[in-house]
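Q: Supplied in structure tokens, the structure appears directly below.
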Amino acid sequence: MPIETWDRVWTNASLATMVEGGAAYGIEHKAALAVAGGRIAWVGRMADLPDSAERCALDVHDVGGAWITPGLIDCHTHLVYAGNRAHEFEQRLQGASYEDIARSGGGILSTVDAVRRASEQDLVDQSLTRLDTLLAEGVTTIEIKSGYGLDTQTEVKMLHAARALARVRPVDIVTTFLGAHALPEEFQNRPDSYLDRLCDEMLPEVRAQSLANTVDAFCEGIGFSNQQVGRVFSKASELGMRVKLHADQLSDRNGAALAAKYGALSADHLEYTNEAGVAAMAAAGTTAVLLPGAFYFLGETRRPPVHWFREYGVAIAVATDCNPGSSPTTSLLLMLNMACTLFRMTPDEALAGVTRHAARALGLGDRGTLERGKRADLAIWSIAHPAELAYHIGANPCRAVIRAGEIVKTVEVV
Ligand code: NIG
Ligand code: FE
């Protein structure tokens, strides 16, 4: 008979396992979930437990019918930055476009200026406020990009700050080098010289210090051309790093096909992506990361082609894109709502987009579903059905968060 085989077990739960291929949400009622050594050791109906919960684990939590989902994963953020761009928001409301502001030296470059002047500790302090709001909603893994330094020293400083966040909060942070985000002022009209610097100095330094897991770029009229992005991606591949791309956000640049050509983990934004690009993503196994916050905040009207992603079997992830210019949000739950209201995704698709498919977009095969052997990253919710996670606007029903089997947040329920 098993006696305290597991570290911890949650009983009387409804589970949204988010396992692929089953019914919507992978729902299991009257269920239990046990963890051992930071992993899910057992998941199923309580009636099928090998013994009484008390004999199975030292620590037993009766959640009284609450819902458990995988810990949420925000797979595309620019969370580390300094200052904000509320003044540009005012300019846009008076008629200037995001591109107009970028071309006149504002936009990304104004945040570059603020980040270059900030110390690493300033970046950590300013970013912690944003991170804490995300974590309170059940987020257990976050991707954070550089890209507001655009010189070796500042890109490295940003990535150090991102890594530092993981030492002071219970979260896994996946870092991405986004040196090809914009052309810095000192290289104005000399994009190729900047890319020489990026490929010969910046990226090798980031690699040498193991500061980034992946490499991203902004393929756009106000960013870099397909050929320039190709140079960056070739260098990344040479250094053994996977890539992802800000693709087809403001115009159709065949960005999705470019990402697929380099075996990208994800192509992100994708409002203007054409059908051939979607087919190429499907063939390459590239995940589509949709960012409804940026779509909303920039007042876009062209929706990403969700129907083609479904038709071609491209996995769809959803993320905040948390950044000061196009998506100043720290609510992943609000993105679930917007993915449904603005992009017509179903609540089940939206939740898969911040769990199983977000894990896939980050190349993390060890999380994103409630399955035996997966990391025990969980969120517990005071809801009556998982569709509520996408339904509410501005509510936070998260009542507990578990990371690698350890309880990191609890909210008393009376
Ligand atoms: O994902 N498009 C490029 N990068 C960000 C915006 C960055 C900024 O405006 O600061 C995005 O939308
Ligand atoms: Fe982005």
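Q: Would you tally the residues in segment 199-230 being away from ligand 1 (no atom under 16 Å from the Cβ) and either under 25 Å from the mean Cα position of the chain (by Cα) or within 14 Å of Asn254 (Cα to Cα) (or both)?
A: So the count comes out to 14.
Q: Could you list, in sequence order, the residues of segment 362-408 that are outside any loop (DSSP other than H, G, I, E, B) and open to solvent by 40 Å² or more (accessible area, probe 1.4 Å)?
A: Glu388, Tyr391, Arg399, Arg403, Glu406, Ile407, Val408
Q: Any residue at all in segment 20-34 that is farther than 24 Å from Val139 by Cα and in contact (Cβ under 8 Å) with a residue 24 or more places away in the chain?
A: Within segment 20-34 (the criterion being farther than 24 Å from Val139 by Cα and in contact (Cβ under 8 Å) with a residue 24 or more places away in the chain), the answer is no, since none of the residues qualifies.
Q: Can you find even one residue in segment 222-234 that is surrounded by fewer than 21 Cβ atoms within 10 Å (Cβ to Cβ) and within 16 Å of ligand 2 (Cβ to nearest atom)?
A: yes
Q: Only one of Gly138, Gly105, Gly95, Gly71 is open to solvent by 10 Å² or more (accessible area, probe 1.4 Å) and at pLDDT 95 or above; which?
A: Criteria check complete, one pass: Gly95.
Q: Shifting gears a bit: Could you give every pair whose Cβ atoms fall below 8 Å, whose first residue belongs to segment 87-112 and is charged (D, E, K, R), and whose second residue is open to solvent by 50 Å² or more (accessible area, probe 1.4 Å), counting only separations of at least 6 or pairs across chains?
A: Arg92/Gly299
Q: Can you find a residue that is over 12 Å from Leu258 (Cβ atoms) and in contact with a His (Cβ under 8 Å, 6 or more places away or on another chain) anywhere in segment 196-206?
A: No: segment 196-206 contains no residue that is over 12 Å from Leu258 (Cβ atoms) and in contact with a His (Cβ under 8 Å, 6 or more places away or on another chain).
Q: Which residues, taken from segment 78-115, are under 21 Å from Phe224 (Cα atoms), in contact with a Pro (Cβ under 9 Å, 6 or more places away or on another chain) and away from ligand 2 (no atom under 15 Å from the Cβ)?
A: Matches in segment 78-115: Leu109, Ser110.
Q: Still on this structure: Considering only segment 183-193, I want to know if a residue exists there that is touching a residue at least 12 places away in the same chain (Cβ under 8 Å) and under 30 Å from Pro70 (Cα atoms).
A: No, because not a single residue in segment 183-193 is touching a residue at least 12 places away in the same chain (Cβ under 8 Å) and under 30 Å from Pro70 (Cα atoms).
Q: For Asp216, which of the numbered conditions (1) open to solvent by less than 10 Å² (accessible area, probe 1.4 Å); (2) in contact with a helix residue (DSSP H, G or I) (Cβ under 8 Å, 6 or more places away or on another chain); (3) within 14 Å of ligand 2 (Cβ to nearest atom) fails to hold?
A: Against the list (1) open to solvent by less than 10 Å² (accessible area, probe 1.4 Å); (2) in contact with a helix residue (DSSP H, G or I) (Cβ under 8 Å, 6 or more places away or on another chain); (3) within 14 Å of ligand 2 (Cβ to nearest atom), Asp216 comes up short only on (2).
Matching residues to (1) basic (Lys, Arg); (2) modelled with pLDDT of 95 or more; (3) closer than 23 Å to Thr154 by Cα:
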residue: Leu211; (1), (2), (3): no, yes, yes
residue: Asp216; (1), (2), (3): no, yes, yes
residue: Gly221; (1), (2), (3): no, no, no
residue: Phe224; (1), (2), (3): no, yes, yes
residue: Arg231; (1), (2), (3): yes, yes, yes
residue: Ala236; (1), (2), (3): no, yes, yes
residue: Met241; (1), (2), (3): no, yes, yes
residue: His246; (1), (2), (3): no, yes, yes
residue: Asp252; (1), (2), (3): no, yes, no
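Q: Taking His29 and the conditions (1) open to solvent by less than 60 Å² (accessible area, probe 1.4 Å); (2) under 25 Å from Asp348 (Cβ atoms); (3) out of contact with any Pro (no Cβ under 8 Å at 6 or more places or on another chain); (4) not small (Gly, Ala, Ser), which numbered condition does it fall short on, given that it satisfies the others?
A: Here His29 clears every test but (1).
Q: In addition: Quick check on this structure: which one of Ile73, Ile40 is in contact with a Gly (Cβ under 8 Å, 6 or more places away or on another chain) and closer than 30 Å to Leu250 by Cα?
A: Ile73
Q: Mind listing whichever residues of segment 326-342 are touching a Gly at 6+ places or on another chain (Cβ under 6 Å) and small (Gly, Ala, Ser)?
A: Ser327
Q: Now for a different question. Within segment 115-124, how many residues are under 24 Å from the mean Cα position of the chain (by Cα) and either open to solvent by less than 50 Å² (accessible area, probe 1.4 Å) or within 13 Å of ligand 1 (Cβ to nearest atom) (or both)?
A: Number of matching residues: 3.
Q: Right, something else. Tell me, which residue of segment 303-330 that is open to solvent by 20 Å² or more (accessible area, probe 1.4 Å) and more than 16 Å from ligand 2 (Cβ to nearest atom) is farthest from Ile144 (Cα to Cα)?
A: Of everything passing the filter in segment 303-330, Glu311 is farthest from Ile144 (Cα to Cα).
The values are calculated or read from the model by the stated rules, or taken from the named source; none is laboratory data. None of the values given here were measured: they were computed from a predicted structure. Ideal geometry is used to build each Cβ from the backbone, glycine not excepted, and the neighbour counts take in all protein chains shown. Ligands, DNA and RNA are excluded from the accessible area calculation, which covers all protein heavy atoms including side chains. Shrake-Rupley method; radii C 1.70, N 1.55, O 1.52, S 1.80 Å.
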